[in-house]
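Input: a single structure, listed below in structure tokens.
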Amino acid sequence: MAATKGLVRVDIVSDTVCPWCFIGKRRLETAIKKFQGHKSFEVRWHPFFLNPDASKEGVNKLEMYKQKFGEQRVQQMVPMLTQTFAKEGLSYTMDGQTGNTLNSHRLIALAGQQGLDKQDKLVELLFTAYFTQAYIVKGTASHDVWVGL
């Protein structure tokens, strides 16, 4: 009996500063590869703001985590995130700044208008830049650099 190749649409609601969203992206890609040849997948990215009131100027990422979760919890979180990222073949850094993600979501939406493959590539670039290279995600000051990605 031949398998029917159907379309599976996946809508992802995510923020570009969410570490678990990056891990989830990698795990989804692994799952999709297992179904290659049997199913077609269409992945669309939609915005979510973990902190809609985040600074447009940017704040120290580690300090923000400490304020949000408490120092003791952050001491537990960082090694766990580092280990989880490593299992996915990624490095993880708490260096750098974080801030308002509105412009990153605008760019993801724009990329989606150019094609879902372009949207997915941009999401990968943004996640990689932020979580592995301490790239700064913040308001309007980062717009030109985002476009440069």
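Please work out which residue is farthest from residue 127 (Cα to Cα), limiting yourself to region 1-54 and to residues that are in a helix (DSSP H, G or I) and among the charged types (D, E, K, R). It comes out as 34.
Regarding region 92-104, can at least one residue be identified that is under 15 Å from the mean Cα position of the chain (by Cα) and under 20 Å from residue 43 (Cα atoms)? Within region 92-104, one or more residues are under 15 Å from the mean Cα position of the chain (by Cα) and under 20 Å from residue 43 (Cα atoms).
For residues in region 27-38 being out of contact with any Phe, Trp or Tyr (no Cβ under 8 Å at 6 or more places or on another chain) and open to solvent by less than 50 Å² (accessible area, probe 1.4 Å), which is farthest from residue 100 (Cα to Cα)?
Looking at residues that are out of contact with any Phe, Trp or Tyr (no Cβ under 8 Å at 6 or more places or on another chain) and open to solvent by less than 50 Å² (accessible area, probe 1.4 Å), I get 31.
The set of residues in region 84-93 that are under 20 Å from residue 62 (Cα atoms) and assigned to a loop (DSSP other than H, G, I, E, B) comprises 90, 91, 92, 93. When residue 57 is tested against (1) assigned to a helix (DSSP H, G or I); (2) at pLDDT below 90, only condition (1) is not met.
Every residue in region 62-92 that is in contact (Cβ under 8 Å) with a residue 40 or more places away in the chain and either surrounded by 14 or more Cβ atoms within 10 Å (Cβ to Cβ) or among the aromatic types (Phe, Trp, Tyr) (or both), please. Residues satisfying the conditions are 81, 84, 85, 88, 90, 92. Taking the criterion of being assigned to a loop (DSSP other than H, G, I, E, B) and surrounded by 17 or more Cβ atoms within 10 Å (Cβ to Cβ), the residues of region 94-119 that qualify are 94, 96, 99, 100, 101.
The values are calculated or read from the model by the stated rules, or taken from the named source; none is laboratory data. Note that the structure is predicted; figures quoted are calculated from it, not measured. In this analysis, Cβ positions are derived from the backbone assuming ideal geometry, glycine residues included, and neighbour counts consider all displayed protein chains. For accessibility, only protein heavy atoms count, side chains too; no ligands or nucleic acids. Shrake-Rupley method; radii C 1.70, N 1.55, O 1.52, S 1.80 Å.
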